[in-house]
Amino acid sequence: MTPERAKWYDSLPTEEKRVRKNIKSERKPIKAAKKALRVYHELDDYVYKKIIRENKQIIKALRKQIAMRPISVETGEDDYIRCPVCCHAVAAFDTLKEFLPKYCHECGQKLRW
């Protein structure tokens, strides 16, 4: 890991480090299953593909726990703050800080304000 990358990683919140570590550990069974599919072409094909599919779903769910900054969209009259994943409007510009959601109500992405 480069020094810049290490500095960035050390600055992350503890919860985000835990999520990133879990994502990394979920990639190992996918890599092993893909290797097994190459070696054992038709033997337990369904089992390996199921492992890959399930672990990819787990990774997708874990990525939603990493906070992302919302997108500010100014279109004249309708000024909204949107989710970076699904582009659903999560708040308006004139919303008070107490009413800013921590998660997108549409897709569940964690938001960082």
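The values are calculated or read from the model by the stated rules, or taken from the named source; none is laboratory data. None of these values were measured; they are calculated from a predicted model. Ideal geometry is used to build each Cβ from the backbone, glycine not excepted, and the neighbour counts take in all protein chains shown. To get the accessible areas, we keep the full protein, side chains included, count just its heavy atoms, and leave off ligands, DNA and RNA. Shrake-Rupley method; radii C 1.70, N 1.55, O 1.52, S 1.80 Å.
Reported to two decimal places, what Rg/Rh ratio describes the stretch 39-113 when computed on Cα atoms with Rh from the Kirkwood expression? Write out the running numbers ahead of the final one.
On the way: Rg = 18.6 Å, Rh = 14.7 Å.
When Rh is taken as the Kirkwood radius, the ratio is 1.27.
Where the accessible area of the chain is counted over protein heavy atoms with a 1.4 Å probe, how much of it, in %, is carbon and sulfur? Mind dumping the intermediate values first?
Values: 4710 of 8800 Å².
Answer for the chain: carbon and sulfur cover 54 percent of the accessible area.
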Karplus 3J(HN,Hα) series, Hz, for the stretch 74-84 with 6.51 cos²θ - 1.76 cosθ + 1.60 (x for Gly, Pro): 10, 10, x, 6, 9, 9, 10, 10, 10, 5, x
Using a 1.4 angstrom probe and counting only protein chains, how large is the accessible area of Lys35 in Å², to 10? 120 Å²
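Provide the percentage of antiparallel DSSP beta bridges, counting only those with both residues in the stretch 4-113; round to the nearest 5.
Working: 8 of 9 bridges.
Percentage antiparallel, nearest 5: 90.
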In terms of Cα to Cα distance under 26 Å, which lysines are near enough to Lys34, apart from those fewer than 8 places away along the same chain? Lys21, Lys24, Lys49, Lys50, Lys56, Lys60, Lys64
Quote the accessible area belonging to Ser72 in square angstrom, nearest 10, computed with a 1.4 Å probe and with ligands, DNA and RNA left uncounted. 70 Å²
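Show Asp78, Asp94, Asp10, Asp45 ordered by accessible area, largest first, where the area counts protein heavy atoms only and the probe is 1.4 Å. Mind dumping the intermediate values first?
Details: Asp78 85, Asp94 130, Asp10 105, Asp45 50 Å².
Order by accessible area, largest first: Asp94, Asp10, Asp78, Asp45.
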Which Cys in the chain stand alone, with every other cysteine's Cβ at 4.7 Å or more from theirs? Cys87
Among Thr95, Thr14, Thr75, which one shows the biggest mean-square fluctuation in a GNM of the chain, springs joining Cα atoms closer than 10 Å? Thr75
Residue list for the stretch 60-85, given a label point 7 angstrom along the Cα-to-Cβ vector of Trp113 and an amide N cut-off under 15 Å: 68-72, 81-83
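Accessible area per residue for the stretch 9-103 in Å², computed with a 1.4 Å probe and the full protein assembly in place, what is it?
Working: 7290 Å² over 95 residues.
For the stretch 9-103, the solvent-accessible area averages 77 Å² per residue.
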